[in-house]
Amino acid sequence: MRGSIVSIHIAATEGGELQPLDSADLVAGCGIRGDRHFAADGSHSDSAVTLIEEEQVELFNELTGLSLAPHDARRQIVTRGVALNDLVGARFRIGDVELEGVELCEPCSYLANHLTREFSITDVSPSEIVRGLAHRAGIRARILNDGSVRVGDRITV
């Protein structure tokens, strides 16, 4: 299975504006350098990076009539050409970084409410957004070794 990175985004603060990156430093046990979750304790602390498939956001848009960009789901790495759900429990590589899929990154009410406020969505409820993104909102992955990833890097299993 092969895919590639379409985009990389980080946020410095909770709910803060997403900053697009051409490349990012991934640090084992810590996350993406510069992101608000870097070296965070607490929930999902062993899942240092989030990924989402561009194709799943496109399908969500078709089903709901919305026009969200893939990074609007607030996942750090957007991919194309790889079935991310299949990577839960598996090891994979992005460039020279090895990762392990930990769990699905299911949508939550925080994300749904953020999207409805941010984009003034009135024709789709937050609960419909959660249902529409269920099992489509990407995965959390553990970073197994330090390294850099770039937009365009191949994903290999």
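Observations
- Remark: region 77-89, residue by residue, has Karplus-estimated 3J(HN,Hα) of 10, 9, 10, 9, x, 9, 7, 4, 4, 5, 8, 5, x Hz, where x stands for each Gly or Pro and the curve is 6.51 cos²θ - 1.76 cosθ + 1.60 at θ = phi - 60°.
- Length-normalised contact order of the chain in % [C-alpha pairs under 8 Å, at least 6 apart]: 35
- Long-range amide H partners of residue 102 with built H, under 5 Å: 89, 140, 141, 142
- Helix-derived mean residue ellipticity, 222 nm - over the chain, DSSP H n ≥ 4, -39500 (n - 2.57), to 500: -5500 deg cm²/dmol
- In sequence order, region 97-103 has phi-based couplings of 9, 9, 10, 10, x, 9, 6 Hz under the Karplus curve 6.51 cos²θ - 1.76 cosθ + 1.60, θ = phi - 60°, and Gly or Pro positions carry x.
- Equivalent-ellipsoid semi-axes of the chain, from the Cα gyration tensor, Å, largest first: 24, 17, 14
- Rounded to the nearest 20, the size of the Cβ-charge dipole of the chain about its Cα centre is 180 debye, with Lys and Arg at +1 and Asp and Glu at -1.
- Considering only 139, 129, 32, the mean-square fluctuation computed in a Gaussian network model of the chain, springs between alpha carbons under 10 angstrom, is largest for 129.
- Net length available on complete extension from residue 63 to residue 106 is 13.7 nm, with 0.36 nm assigned per residue and the Cα-Cα distance removed.
- Gaussian network model of the chain, Cα within-10 Å springs - most flexible of 16, 34, 132: 16
- Gaussian network model of the chain, Cα within-10 Å springs - most flexible of 29, 15, 101: 15
- When the Cα positions of 34, 89, 24 are compared along the charge dipole of the chain, 89 comes out farthest toward the positive end, with charges on each C-beta of Lys, Arg, Asp and Glu.
Read-outs: derived from the displayed coordinates by stated rules, not from any lab. A quick note: this is a predicted structure, and the numbers were derived from the prediction, not measured. Note that we place each Cβ from the backbone using ideal geometry, even for glycine, and neighbour counts take in every protein chain shown.
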